[in-house]
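Let me begin by presenting the structure, written as structure tokens, before commenting on it.
The values are calculated or read from the model by the stated rules, or taken from the named source; none is laboratory data. Remember, it's a predicted structure, so these values are computed and weren't measured experimentally. Cβ placement follows ideal geometry from the backbone for every residue including glycine, while neighbour counts extend to all protein chains displayed.
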């Protein structure tokens, strides 16, 4: 039982390049989330997926797209990376989208855009 | 706009000390308050509080929520070096959006 896994762990991109961050969970959770964490700012929600086949914007969705490929997997895509997207990205999952369920986090992807 | 503020930003104590971390929130349609511990990587869940005045306890850690004054505290007694981490507080609303505070960095010296 690996919980929430993310790939890659580290990535360096040049401005304008694209990439996809992968996330998978093996807890049979319905809901999945993508956050970014910047120094001193806590975590901010980018997108979430309440259930397979649905996605919704969070607090900071601009510059990102997501795909809920199946119940296990939720990917985050940067179409044209910008230095402002340098951050640590965390994927999380929970049983349901209601706020009474705790979220479990993956180990993070550290992304640098030069 | 929903907001969560944690204090202090950082704290250095010695083993055996007791610490209190603070979290205040302003969240529309508030549902719950969560505490996470973040060491090098992923935040790990500590507590979820939904009711005022009921203390949640796990070993040396405890937390309580005050929904009237809109704050929560996390207490750690008899601190150990393994408690060194960033402690994150998050408040959720009815739409399950979690708003995180900036965290409190705790360092426990031997």
**Message:** Checking the condition within 22 Å of residue A:45 (Cα to Cα), modelled with pLDDT of 90 or more and surrounded by 18 or more Cβ atoms within 10 Å (Cβ to Cβ), which residue from B:34, B:9 passes?
**Reply:** B:34
**Message:** If I filter the stretch A:101-109 for residues that are in contact (Cβ under 8 Å) with a residue 24 or more places away in the chain and at positive phi, do I get at least one hit?
**Reply:** yes
**Request:** For the stretch A:51-59, state whether one or more residues are under 23 Å from residue A:12 (Cβ atoms) and modelled with pLDDT of 90 or more.
**Result:** no
**Message:** Take residue B:25 and tell me if it is more than 11 Å from the chain's Cα centre (by Cα), surrounded by 16 or more Cβ atoms within 10 Å (Cβ to Cβ) and in a strand (DSSP E or B).
**Reply:** yes
**Complete:** The lone condition residue A:23 fails out of (1) in a loop (DSSP other than H, G, I, E, B); (2) crowded, with 17+ Cβ neighbours inside 10 Å; (3) more than 10 Å from chain B (Cβ to nearest Cβ) is (1)
**Message:** Looking at the stretch B:48-56, can you tell me whether even one residue there is under 19 Å from residue A:104 (Cβ atoms), at the interface with another protein chain (Cβ under 10 Å from one of its Cβ atoms), free of Cβ contacts under 8 Å to residues at least 24 places away in the same chain and in a strand (DSSP E or B)?
**Reply:** yes
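Rundown of residues vs (1) touching a strand residue (DSSP E or B) at 6+ places or on another chain (Cβ under 6 Å); (2) more than 14 Å from chain A (Cβ to nearest Cβ); (3) outside any loop (DSSP other than H, G, I, E, B), yes/no style:
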| residue | (1), (2), (3) |
| --- | --- |
| B:63 | yes, no, yes |
| B:74 | yes, yes, yes |
| B:82 | no, yes, yes |
| B:90 | yes, no, yes |
| B:95 | no, no, no |
| B:99 | yes, no, yes |
**Prompt:** So which residues in the stretch B:12-22 are over 12 Å from the mean Cα position of the chain (by Cα) and either crowded, with 18+ Cβ neighbours inside 10 Å or assigned to a loop (DSSP other than H, G, I, E, B) (or both)?
**Reply:** B:15, B:16, B:17, B:18
**Fill in**
Conditions (1) within 26 Å of residue B:28 (Cα to Cα); (2) in contact with a strand residue (DSSP E or B) (Cβ under 8 Å, 6 or more places away or on another chain); (3) modelled with pLDDT under 95 -> residue B:68 fails only (2)
**Request:** Among the numbered conditions (1) farther than 27 Å from residue A:6 by Cα; (2) assigned to a strand (DSSP E or B), tell me where residue B:35 comes up short.
**Result:** (1)
**Request:** Could you look through the stretch B:101-110, keep only residues that are over 21 Å from residue A:104 (Cα atoms) and touching a strand residue (DSSP E or B) at 6+ places or on another chain (Cβ under 6 Å), and pick out the one that is surrounded by the fewest Cβ atoms within 10 Å (Cβ to Cβ)?
**Result:** B:109
**Message:** Residues that are within 21 Å of residue B:43 (Cβ to Cβ) and within 12 Å of another protein chain (Cβ to nearest Cβ), at least 3 per element: which strands (runs of 3 or more DSSP E) completely within the stretch A:28-113 meet that?
**Reply:** A:31-37, A:43-49, A:87-94
**Asked** Before we move on, is residue B:41 within 13 Å of chain A (Cβ to nearest Cβ), surrounded by fewer than 18 Cβ atoms within 10 Å (Cβ to Cβ), at pLDDT below 95 and not in a strand (DSSP E or B)?
**Response** yes
